[in-house]
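Report on the structure given below.
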Amino acid sequence: MLAIIGGSGLTTLSNLDVSHREVVRTPFGEPSGALVFGQICGRPAVFLPRHGYGHSIPPHMVNYRANLWALHHHEVTGIISVASVGGIRDDLQPGDIVLPDQIIDYTWGRKSTFFDGVGSPVTHVDFTEPYDAALTDRIADAATALSIPFKRGAVYAATQGPRLETAAEINRFERDGADIVGMTGMPEAVLARELGVPYAAISVIANHAAGRGSSAHGIRFESLDYVLQEAMGRVRSIIERVVGCQDNCQPMGISV
């Protein structure tokens, strides 16, 4: 059973035929919301909104450990993270779908490991390749089969939030090698690695990063909703295919 964590722009999964919801208690507190179980084209899946129902939890306040523990407790076989990001690289435009392969963590103060309790052993986890290649392959194959354009390979800069970045910070991230910027990529990715759950990301470019393109002098928030609604329709189609849609299933297109 695959899990989908939805971020800004994907607070519900409209192509999930819901069977039940479950509130999960974890040793790390409350997850962002109840887990929503159901089927997509007859295949089981579970959905969790990262920012809660109603989008009320800011990025730095998300209980990432509880979210990941709850999904692992239900023995999910993989996690697809969906999030909106800013585009740093010149060829990345609002509405583009990007599958990142690396991440740089600029966050601070977040609970970023399951191995920090009293008496917990020192545990090192390899994080050379932060995203699962096989699951990313499945996402890429699904997008290709649906003729949905995407770009594979990008470095995600994970920032603290909830404020957006300054133009100087974006310049710094670019010098560091980052291509996209978001607020929720860490510690989500490393917690999945600690639990041994394959984890991959679908990033949607919501806007040019600060100081770039149409955001040269500020972020135009009024344009973000339309961009995300249109792009997230394509993301739902990709997810539908990844979960295991049979040949006779109709793709969701760009409906939302």
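The values are calculated or read from the model by the stated rules, or taken from the named source; none is laboratory data. Worth saying up front: this structure is predicted, and the values here are computed from it rather than measured. Here the Cβ is made from the backbone with ideal geometry for all residues, glycine too, and neighbour counts use every protein chain on show.
Structural remarks
- Of all residues in segment 45-59, at least one satisfies being aliphatic (A, V, I, L, M), assigned to a loop (DSSP other than H, G, I, E, B) and surrounded by 16 or more Cβ atoms within 10 Å (Cβ to Cβ).
- Contacts under 7 angstrom Cβ, first residue in segment 54-76 being over 19 Å from P198 (Cα atoms), partner of a type in the set (D, E), 6 or more apart: N63/E30
- Near pairs, Cβ below 6 angstrom, 6+ apart or cross-chain, from segment 149-176 (surrounded by fewer than 18 Cβ atoms within 10 Å (Cβ to Cβ)) to any residue that is of a type in the set (S, T, Y): Q160/T107
- Residue match in segment 194-201 (condition: farther than 17 Å from N67 by Cβ and either modelled with pLDDT of 95 or more or aromatic (F, W, Y) (or both)): no
This table checks each residue for (1) on the phi < 0 side of the Ramachandran plot; (2) of a type in the set (D, E, K, R).
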site: A45; (1), (2): yes, no
site: R50; (1), (2): yes, yes
site: G54; (1), (2): no, no
site: I57; (1), (2): yes, no
site: M61; (1), (2): yes, no
site: A70; (1), (2): yes, no
site: V82; (1), (2): yes, no
site: D90; (1), (2): yes, yes
site: Q102; (1), (2): yes, no
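- Pairs with Cβ under 6 Å, 6+ apart, first in segment 1-29 and within 13 Å of A70 (Cβ to Cβ), second among the basic types (K, R): I5/R50; F28/R65
- Failed item in (1) at pLDDT 95 or above; (2) more than 20 Å from L92 (Cβ to Cβ), with E222 passing the rest: (1)
- For segment 4-27, residues that are over 18 Å from the mean Cα position of the chain (by Cα), surrounded by fewer than 17 Cβ atoms within 10 Å (Cβ to Cβ) and assigned to a loop (DSSP other than H, G, I, E, B) total 3.
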